[in-house]
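J.: Quick one: structure below, then a few questions.
The values are calculated or read from the model by the stated rules, or taken from the named source; none is laboratory data. Predicted, not measured: the structure shown is a model, and the values here were computed from it. A quick note on method: Cβ atoms are made from the backbone with ideal geometry, for glycine too, and the neighbour counts reach across all protein chains shown. These area figures cover heavy atoms from the full protein model, side chains too; ligands, DNA and RNA do not enter into them. Shrake-Rupley method; radii C 1.70, N 1.55, O 1.52, S 1.80 Å.
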Amino acid sequence: MNLFVAGFMGSPAMNFVTAELVRDDGPAVTFAGHRLPLPPEVAASKPGLEAYFGREVILGIRPAEFEDAALADPDWARMQVTANVTEELGSEIHVIFTLDAMPVSHPSISDAVAADDGDADEAAVVLAGGKLLWTARVASRSRVRSRQPIELAVHTANLQFFDPDSGLAIGHPESPGG
């Protein structure tokens, strides 16, 4: 898989950000002031990921890998954000929030946005007021409201990592280190 394909799979689209894999206080991925600890099985399941520690990667998180922390598994990593907008969709709520990060710049993502017929709602990357716009999908029983802080839980076992040069998923047979 590459960034182009990852940007199309699922709705809403995958969230992307430039991140760094670090080992301080245990393996983690850091981005935009957030630090998500990585369970040991993450590195084990992605051949070549070990070679990226101390380096930048492109991190992908699907909206479905989030949950309101009040409703989530206590072992999931946590992120404090503010819900800019919430969209109640019956069985789920989409929480749209910003990260203090620039959009990921890679030709694969640009191609995915261009191929999307200009539908801004489904664009893989959106810039809002100098910040990156992300979507989390949480359970409908969440008490999240627009313009309110929320603690989101992140299922880090399903994080996706991409090589910033090739755009290929780390662990892909053709990616560096794969």
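J.: Would you tally the residues in segment 31-47 being farther than 23 Å from residue 74 by Cβ and surrounded by 19 or more Cβ atoms within 10 Å (Cβ to Cβ)?
T.: Summing the residues that are farther than 23 Å from residue 74 by Cβ and surrounded by 19 or more Cβ atoms within 10 Å (Cβ to Cβ) in segment 31-47 gives 1.
J.: Hey, another quick one. Among the listed residues 156, 82, which satisfies the condition of being open to solvent by less than 60 Å² (accessible area, probe 1.4 Å), within 25 Å of residue 30 (Cβ to Cβ) and modelled with pLDDT of 90 or more?
T.: After applying the criteria, what remains is 156.
J.: Okay, next question. Is it the case that residue 44 is under 14 Å from the mean Cα position of the chain (by Cα), modelled with pLDDT under 95 and either in a helix (DSSP H, G or I) or on the phi < 0 side of the Ramachandran plot (or both)?
T.: Spelling it out, it is not the case that residue 44 is under 14 Å from the mean Cα position of the chain (by Cα), modelled with pLDDT under 95 and either in a helix (DSSP H, G or I) or on the phi < 0 side of the Ramachandran plot (or both).
J.: Here is a follow-up. So which of 93, 61 is farther than 24 Å from residue 37 by Cα, at pLDDT 95 or above and buried (at least 20 other Cβ atoms within 10 Å of the Cβ)?
T.: 93
J.: In this structure, does residue 28 turn out to be farther than 20 Å from residue 138 by Cβ, at pLDDT 95 or above, surrounded by fewer than 20 Cβ atoms within 10 Å (Cβ to Cβ) and aliphatic (A, V, I, L, M)? Before the answer, list the steps.
T.: Details: farther than 20 Å from residue 138 by Cβ: yes; at pLDDT 95 or above: yes; surrounded by fewer than 20 Cβ atoms within 10 Å (Cβ to Cβ): yes; aliphatic (A, V, I, L, M): yes.
It is true that residue 28 is farther than 20 Å from residue 138 by Cβ, at pLDDT 95 or above, surrounded by fewer than 20 Cβ atoms within 10 Å (Cβ to Cβ) and aliphatic (A, V, I, L, M).
J.: Collect the residues in segment 118-133 that are out of contact with any Asp or Glu (no Cβ under 6 Å at 6 or more places or on another chain) and either open to solvent by 60 Å² or more (accessible area, probe 1.4 Å) or at pLDDT 95 or above (or both), keeping them in residue-number order.
T.: Residues satisfying the conditions are 118, 119, 120, 121, 127, 129.
J.: Given (1) open to solvent by less than 20 Å² (accessible area, probe 1.4 Å); (2) modelled with pLDDT under 95, where does residue 115 come up short, assuming only one miss?
T.: Evaluating residue 115 over (1) open to solvent by less than 20 Å² (accessible area, probe 1.4 Å); (2) modelled with pLDDT under 95 leaves (1) as the failure.
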